[in-house]
Every structure is written in structure tokens, then in C-alpha cells.
């Protein structure tokens, strides 16, 4: 349980307080201050509860982390780069890396098959739960359980189990544009990874909790006794 104490209380207890940091220097003469960040893509939404029916679904899949797209150079493009280089190895490397302005080649990017199949299955389950409704276009919260095949008395903390943030990213990317309009609308999450006799993924999309389950008090009042 965390709590905040004042600087005077800290000194009374013999706790040394760090000296205040240096004040920000004013902008140099003739240099313009940085402009405030401009909001775009829909702007920020009010914290007032955005009500909509909860969407829940489960799918019998082993959780897996999000894999990065793979990029490769097709043989035809590689041959074209070799011909354009005319035996010059440095120019060939420059063409392959995309740094030659005279010869442009096309690298192809694809999603690994395992990731594509996983996202497709999760997306289909999400679409079925939506029952033809439009994707949610307001601020929302997420509850997700990622269950691995294993002993329910153990936490999935092995190196092969993956990080929780990467696991849920794969799920949210799969339903992006299907269950909700854009993943930027996800403002609050409750997540868990566990072990069960059979692997599964459960996802619930609900109105966001403005109180953040009481956690916001830590930023405003410290922990309450």
C-alpha cells in the first residue's frame, strides 16, 4: 500500500529529501517557444460515461504475442537490382536498401501465417459477438483473460508464455475496426494471464470506468486508510 507524506514530515522522520531540480531555462533570445501539440484524428472525448451494450466473447485459442510483419525482396526485383548495378557491388547494395534514386525496387511485406490465422479467428469471434452492429466509436474499457494450457495453480510466467502487453495487443489488433472503430478509443484495461486445462481467450468491451477502480486516488490523495 503506497502513501504520500509531506516534505516536513519526511525531514522529521530523518528522511533526506532530494534538492529541487533546476528551473527550466527561458527560451534563448530570437528562438520561438515550441508550439502546443495539435490534436487530430477525432480529438479527445469527455470522461462522462459513454453508454453502450457490453460486448463479450470467448475463443478457444492459445494466446500468442503480436509478431512483426516480415519484409522480403522478391527474386524478380533482386534480379532487376543486380542488372541495374552492372557488376558494381556497392551500387547493388544501395539499390537493395532503397537508396538508389535511379532504380527503385519494391520490397514485399506480409504477416506471418500463424499470426494471420490467429487474428482471423479472433476477428471472426468478435464479428459474431457484434451481430451486425457498427464498431463502437466512443471511449471504452477492456477486460481480457488470456489462458494458457497448463496447471491452474501456476501463473504463466515462463519465457515461452510471452508478455501480457504483447499478448493483449495481438487480440486488440485483431478486433480493431470490427468491435471498435479505432484502438485509440481504448482508455482503460483490466488484464490477466492465467493457466487453465484448455487454452482460451475471453474479451469484454464495456463503457470505461472513470474512477479507474479507485486507482486514481493514488495520484490525488495518496492511499486512503
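For Cα pairs less than 8 Å apart in space and 6+ apart in sequence, what is the mean separation divided by the residue count of the range 70-109, i.e. the relative contact order in percent? Kindly include the intermediate steps, with their values, before the conclusion.
Numbers: 35 pairs, mean separation 21.1, N = 40.
53 percent.
Taking a cut-off of 21 Å, what percent of all Cα-Cα pairs in the range 120-186 are separated by more than that?
33 percent
What percent do you get for the relative contact order of the range 69-175 when only Cα pairs under 8 Å and 6+ apart count? Write out the running numbers ahead of the final one.
Details: 61 pairs, mean separation 30.0, N = 107.
It rounds to 28 percent for the range 69-175.
Please work out the Cα center distance from the range 151-225 to the range 44-115, rounded to the nearest Å.
27 Å
Going out from 0 in 5 Å bins, what whole percent of all Cα-Cα distances in the range 70-109 drops into each bin?
Once binned at 5 Å, the Cα pair distances of the range 70-109 give 6, 28, 36, 21, 6, 2.
On the first, second and third principal axes, largest extent first, how far apart are the outermost C-alpha atoms of the range 95-225 in Å?
Principal extents (Cα only, largest first): 70, 38, 37 Å.
Using a simple spin-label model with points 7 Å from Cα along the Cα→Cβ vector, what separation in nm is obtained for residue 181 and residue 196?
Here the modelled spin labels are 3.2 nm apart.
Readers should treat all values here as calculations from the given coordinates under stated rules, not as data from a laboratory. Keep in mind that what you see is a predicted model, and the values were worked out from it rather than measured. Here Cβ is always computed from backbone atoms with ideal geometry, including for glycine, and neighbour counts include all displayed protein chains.
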